[in-house]
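Trainee: Mind having a look at this structure? Questions to follow.
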Amino acid sequence: MIYEPVMRAGADFMMAFQGVSPALEWPMRVLTFFGEESFYMIVITLIFWCFDQRFAVRLLGLLVLSSFLTDICKLALHSPRAYWWDASVQALVSESSYGPPSGHSSNGIALWGYAGYYLKRTTGRSWVLPLCIVIGLSIGISRMYLGVHFPHDVILGWLLGGSALLGMIFLGEGFLSWYTHLTGRARVVVAMLVVFFVIGVGVALKLVLADIADDPIWVENALADQPGERIDPRSLKNFANLAGVAFALAMGGSLYQKHARFLSQGSGLQLLGRYLLGIVGVFAIRAGLSYLFGSGDDPVALALRFVRYFLIVFWALYLAPLLFLRLKLARSPTPV
């Protein structure tokens, strides 16, 4: 566990921060939303369908990498969130996973940082990069105000997200070039190995923690602050999600390149039609399969969760573009 005096100092800072003004709550909630799964679904699909497929695919790949590293570290550190550890810290939102590192902070600095880097290179607007970095950092700061992360959680998240960002900038293109030159069969094998690796790491970490008990006061404090919201910090749900997304990114991306490539340009009505049709499909799959499959952490539930996230991304990358072409909402770059 993180050294307790550090947590004490962090909790005191958070309570002072929360005491600055209640008017900060909604701006902080908005900033936190900029690091949520739903926000990334809305924005990355918009970029892919209407603006720049290359950019969107890299953002999605970076999201998988940053989230995977974060989930590994959460289980490895198995440390509490601020409001679990100190009942005096008020949580304005509830979370069920371990605390450090902050996933919002790591994903925020990774994705917003990459967005700034990419847009600066492609548009030449130098102000975009610092703006995006400020937004990425602000997402982490919002998590302290909302009571769910100590300052050290946020700092660790920034460092982890920054590492993922640098990895994408300096190594990402080389990896993508290597992967795209593989045969179709080799791509499937690599994708399956990634799935087994992601799930295997999660299972291995959970087994390592099997004989290590969490402090029962964490559950008591969490329930006292957020009644009805039980914590489940050792769940493998996120690992199943990421495995499904990674497999769909590999398979859907390959099929898109072969059969569903389209030009991002189009009339205003075409762009609107693409986005509305596509995003309705994304959230219909997400909500519909969540209702049908239910929730849980047993092997069957995790397998169904893998299927749900696979289908969300497979729809976005392959099935929706096929539909756009059929409905004349997009044009193929080459005559069909």
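Just so it is clear, none of the values below were taken in a lab; they were calculated from the coordinates. Computed from a prediction, not measured in an experiment: that's the story for all the values here. Cβ atoms come from the backbone with ideal geometry, glycine included; neighbour counts cover every protein chain shown.
Trainee: Express in whole angstrom the spacing between the alpha-carbon centres of segment 318-333 and segment 76-128.
Mentor: 35 Å
Trainee: So which residue, out of G253, G174, G103, gets the largest mean-square fluctuation from a GNM of the chain using Cα contacts under 10 Å as springs?
Mentor: Between G253, G174, G103, it is G174 that shows the largest mean-square fluctuation.
Trainee: Can you give the charge dipole size of segment 4-326 about its Cα centre, rounded to the nearest 20 debye, using +1 on the beta carbon of Lys and Arg and -1 on the beta carbon of Asp and Glu?
Mentor: The calculated dipole for segment 4-326 is roughly 1700 debye.
Trainee: How compact is the chain by the rule of thumb for globular proteins, expressed as Cα Rg over 2.2 N^0.38 Å?
Mentor: For the chain, the normalised Cα radius of gyration is 1.03.
Trainee: Any chance you could get the radius of gyration and Dmax over the Cα atoms of segment 179-336, in Å?
Mentor: That works out to 20.0, 65 Å for Rg and Dmax.
Trainee: Here is a follow-up. Lysine pairs in the chain 8 or more apart or on different chains: how many have alpha carbons under 23 angstrom apart?
Mentor: Lysine pairs, 8 or more places apart or on different chains, close enough: 4.
Trainee: Okay, next question. So for segment 4-326, averaging the separation of alpha carbon pairs under 8 Å that are six or more residues apart and normalising by length, what relative contact order in percent results?
Mentor: Relative contact order comes out at 22 percent.
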